[in-house]
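First the structure, in the form of structure tokens, and then the observations on it.
The values are calculated or read from the model by the stated rules, or taken from the named source; none is laboratory data. Quick caveat: nothing in here was measured; it's all calculated off a predicted structure. Ideal geometry is used to build each Cβ from the backbone, glycine not excepted, and the neighbour counts take in all protein chains shown.
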Number of protein chains: 2
Amino acid sequence: MSTRVQDAADLLGYRPNAMARSLRVNRTQQLAFAVADVGNPVYVEMMRAIEGETRVRGYRLLVSSTAGSTADTRDLLESLAHGYADGLVLSPVRVNAELVDALRRVRYPIVVIGTLPKDLGIDNVRANSAGGVRMALEHLHEQGCRRIAFINGPSDTVPGSARGKAFARNVRALQLDPDEDLRVEAADFTLAAGKAAAERLLDRTVPDAVLGGNDLLAIATMQVLRERGQRIPEDVAVVGMDDTEFARVTTPALTSVDLGAHERGRTAARLLLDRLAESGREVQRKTVQPRLRVRGSSMRGVYVVGDSA
Amino acid sequence: MSTRVQDAADLLGYRPNAMARSLRVNRTQQLAFAVADVGNPVYVEMMRAIEGETRVRGYRLLVSSTAGSTADTRDLLESLAHGYADGLVLSPVRVNAELVDALRRVRYPIVVIGTLPKDLGIDNVRANSAGGVRMALEHLHEQGCRRIAFINGPSDTVPGSARGKAFARNVRALQLDPDEDLRVEAADFTLAAGKAAAERLLDRTVPDAVLGGNDLLAIATMQVLRERGQRIPEDVAVVGMDDTEFARVTTPALTSVDLGAHERGRTAARLLLDRLAESGREVQRKTVQPRLRVRGSSMRGVYVVGDSA
DNA sequence: CTGAAAGCGCTTACAG
DNA sequence: CTGAAAGCGCTTACAG
């Protein structure tokens with residue numbers, strides 16, 4: 001129905017002001033995804049999964065980086081979604097009292113990817129990273145490794161803490177070498193921090209395997225091992241966590257625990273859409289199970305040059 | 001100044017509605033960064049640079065992925081920034097008539113990272129990727145390579161087209177093997193597309209060097225070369241472009257052309273802030289010069305195991 | 001200094 | 001069916 005006023009509007013390039021519209025209808029048709037570190041491929045994976053679910057429902061997805069700081073996250077919770085988006089998927093790496101407090105105050109739909117205090121009444125979807133650590137260690141144990149090092153992320157983060165505890169538990173259960181020198185903590189879940197941590201580890205001891213707290217830490221470790229003339233996996237086997245796409249392009253390809261990033265993202269998106277549709281519905285908590293993806297970096301004995309999965 | 005009404009407001013958890021505020025003051029204190037592929041580390045680098053500049057000025061940065069589709073980008077231009085953000089940094093991978101048209105209509109501050117038609121009157125900052133290709137080829141030529149393959153991204157993208165032309169030009173200038181079989185086009189600037197393209201290349205011929213259209217394509221190629229038993233760089237030298245952080249964790253470390261992602265991001269952010277402050281200022285166009293980062297993947301003869309930079 | 005009113009640009013329920 | 005009015009939740013200029 002093209003009237004003269006329509007034509008005039010088109011000619012002048014008139015566009016409705018989205019802000020005014022949103023204020024009136026109380027919907028923005030936008031969702032936000034807040035992550036600690038956009039540089040980590042695992043969040044990119046989640047983002048793609050979320051976008052896949054929400055885009056077909058007419059939402060635009062905005063990504064916001066909180067740089068792992070609680071202050072940022074808090075600020076985001078209080079203002080971003082309080083107006084600029086209809087709902088939020090939050091994947092915080094640190095969950096402290098301040099954040100829990102902020103979460104308690106939130107009045108709009110939000111889904112958290114990660115572990116939360118039970119009483120918060122917020123939909124959330126979790127990885128089973130303790131189970132993932134166990135799978136990785138059992139696998140390395142089967143490969144004959146006994147002096148297994150762990151390059152973990154910061155222990156004041158939720159995944160760092162969960163994985164650290166699971167490591168200690170399984171070292172006992174599998175009767176692995178309990179040497180404390182085998183455990184190092186990277187300043188961050190990044191390549192750069194992983195490199196520094198791997199140097200520290202290898203300066204004091206050489207293990208027969210290394211488990212990385214995530215793929216980036218494992219990949220950085222592979223590089224440092226290489227520089228020090230260690231063969232992977234013959235001298236040192238390496239396993240990562242998250243099974244990001246970069247795990248498939250290292251040499252040898254990196255064995256990694258798939259913590260279900262894609263499925264966590266998809267599930268979180270669905271929970272958010274459900275809550276958007278029906279705010280009173282029962283609080284949901286889902287857990288995604290891990291899977292071990294065995295590749296060349298940990299296949300001792302049966303290892304062939306150029307192996308990949 | 002805490003009055004009783006203040007206390008009551010705090011108690012009830014009152015938060016001003018950001019949308020209503022923005023409508024009134026005509027500012028959102030948000031900026032948007034729209035990229036083709038958040039999964040590409042080069043955009044993460046740009047994002048960090050932009051955030052570094054804009055955060056201290058009190059802006060929040062929202063990232064939006066346009067998946068390389070012009071329709072998405074257009075939609076974003078018309079609505080996102082038309083209300084939800086005060087300005088936009090856009091890094092489009094495809095610039096076609098439709099996008100140029102949409103850009104022509106834009107009435108709010110925008111800075112484009114990438115090459116644009118001159119008459120558009122939009123601030124923009126460019127890489128010199130033609131110069132980058134030349135540096136890479138001259139370097140490989142010095143290393144004694146003559147049959148140099150090029151695994152480029154799609155030729156209908158701005159970087160793909162520029163790099164493709166520069167490659168052809170320099171093959172002539174350096175009198176390299178002009179065999180058409182040495183040029184393949186990946187479906188995307190991604191690891192997965194790079195792997196497929198590298199398989200196609202190596203199925204028909206084995207070059208003495210490969211230039212990747214970006215680091216992801218080069219890294220995927222390294223993996224495929226490895227699987228086929230080719231030594232890097234002894235049999236085949238490899239060079240990437242963008243110098244992302246992953247270039248430093250391959251084995252051997254990947255020689256790459258730094259196209260100044262960080263500086264482009266920082267410059268774009270500054271141009272945007274300047275325009276936000278003074279909308280009438282003269283249109284700026286800046287170019288960031290490339291630098292070659294030589295590492296083990298292309299150092300023939302002088303190559304040592306475990307070399308890195 | 002305090003408080004009421006106007007208005008940002010839309011949408012929608014309502015009157016004509 | 002068409003058109004004018006009310007109101008979303010703020011901020012700010014203005015009157016008292």
Would you check if there is a residue in segment A:58-78 being more than 8 Å from chain B (Cβ to nearest Cβ), over 24 Å from A:ASP101 (Cβ atoms) and more than 16 Å from DNA strand C (Cβ to nearest atom)? yes
When you go through (1) out of contact with any Gly (no Cβ under 8 Å at 6 or more places or on another chain); (2) touching a residue at least 12 places away in the same chain (Cβ under 8 Å) one by one for A:LEU272, which number turns out not to apply? (1)
Within segment B:19-39, take every residue that is among the β-branched types (Val, Ile, Thr) and within 16 Å of DNA strand C (Cβ to nearest atom) and give me the one that is nearest to the other protein chains (Cβ to nearest Cβ). B:THR28
For A:LEU61, state whether it is in contact with a Ser or Thr (Cβ under 8 Å, 6 or more places away or on another chain) and part of a helix (DSSP H, G or I). no
Please enumerate the residues belonging to segment A:79-88 that are away from chain B (no Cβ under 11 Å) and of a type in the set (A, V, I, L, M, F, W, C). A:LEU88
Close pairs (8 angstrom Cβ cut-off, 6 or more residues apart or separate chains): assigned to a helix (DSSP H, G or I) in segment A:7-25, of a type in the set (Phe, Trp, Tyr) and within 16 Å of DNA strand D (Cβ to nearest atom) anywhere: A:ALA18/B:TYR84; A:MET19/B:TYR84
Taking the conditions exactly as written (more than 23 Å from A:GLU199 (Cβ to Cβ), touching a helix residue (DSSP H, G or I) at 6+ places or on another chain (Cβ under 7 Å) and basic (Lys, Arg)), does A:ARG285 satisfy them or not? no
Of the residues in segment A:108-131 that are over 16 Å from the mean Cα position of the chain (by Cα) and not in a helix (DSSP H, G or I), the one that is nearest to A:ALA197 (Cα to Cα) is A:PRO117
Residues within segment A:65-101 that are closer than 26 Å to A:GLU45 by Cβ, modelled with pLDDT of 85 or more and of a type in the set (A, V, I, L, M), tallied: 7
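Yes/no per residue for (1) touching a helix residue (DSSP H, G or I) at 6+ places or on another chain (Cβ under 6 Å); (2) of a type in the set (Asp, Glu); (3) surrounded by fewer than 16 Cβ atoms within 10 Å (Cβ to Cβ); (4) not in a helix (DSSP H, G or I):
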{"site": "B:VAL133", "(1), (2), (3), (4)": "yes, no, no, no"}
{"site": "B:ARG146", "(1), (2), (3), (4)": "no, no, yes, yes"}
{"site": "B:ALA149", "(1), (2), (3), (4)": "yes, no, no, yes"}
{"site": "B:ARG163", "(1), (2), (3), (4)": "yes, no, no, no"}
{"site": "B:ALA166", "(1), (2), (3), (4)": "yes, no, no, no"}
{"site": "B:ARG172", "(1), (2), (3), (4)": "no, no, yes, no"}
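Considering B:ASP156, B:ASP75, B:ASP101, which residue is in a loop (DSSP other than H, G, I, E, B), at negative phi and among the acidic types (Asp, Glu)?
On the way: B:ASP75 fails: in a loop (DSSP other than H, G, I, E, B); B:ASP101 fails: in a loop (DSSP other than H, G, I, E, B).
Among B:ASP156, B:ASP75, B:ASP101, only B:ASP156 is in a loop (DSSP other than H, G, I, E, B), at negative phi and among the acidic types (Asp, Glu).
Quickly run through segment A:221-239 and pick out the residues that are touching a residue at least 40 places away in the same chain (Cβ under 8 Å) and assigned to a helix (DSSP H, G or I). Steps first, please.
Filtering segment A:221-239 for residues touching a residue at least 40 places away in the same chain (Cβ under 8 Å) gives A:221-222, A:232-234, A:237-239.
Answer for segment A:221-239, where residues must be touching a residue at least 40 places away in the same chain (Cβ under 8 Å) and assigned to a helix (DSSP H, G or I): A:THR221, A:MET222.
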Within segment A:263-284, work out how many residues are farther than 14 Å from A:ARG107 by Cα and assigned to a helix (DSSP H, G or I). 12
Given (1) among the hydroxyl-bearing types (Ser, Thr, Tyr); (2) more than 16 Å from DNA strand D (Cβ to nearest atom); (3) surrounded by fewer than 23 Cβ atoms within 10 Å (Cβ to Cβ), number of the condition B:TYR14 does not satisfy: (2)
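Being touching a residue at least 12 places away in the same chain (Cβ under 8 Å) and not basic (Lys, Arg) is the filter here; which residues of segment B:26-39 pass it?
Filtering segment B:26-39 down to residues touching a residue at least 12 places away in the same chain (Cβ under 8 Å) leaves B:27-39.
Residues satisfying the conditions are B:THR28, B:GLN29, B:GLN30, B:LEU31, B:ALA32, B:PHE33, B:ALA34, B:VAL35, B:ALA36, B:ASP37, B:VAL38, B:GLY39.
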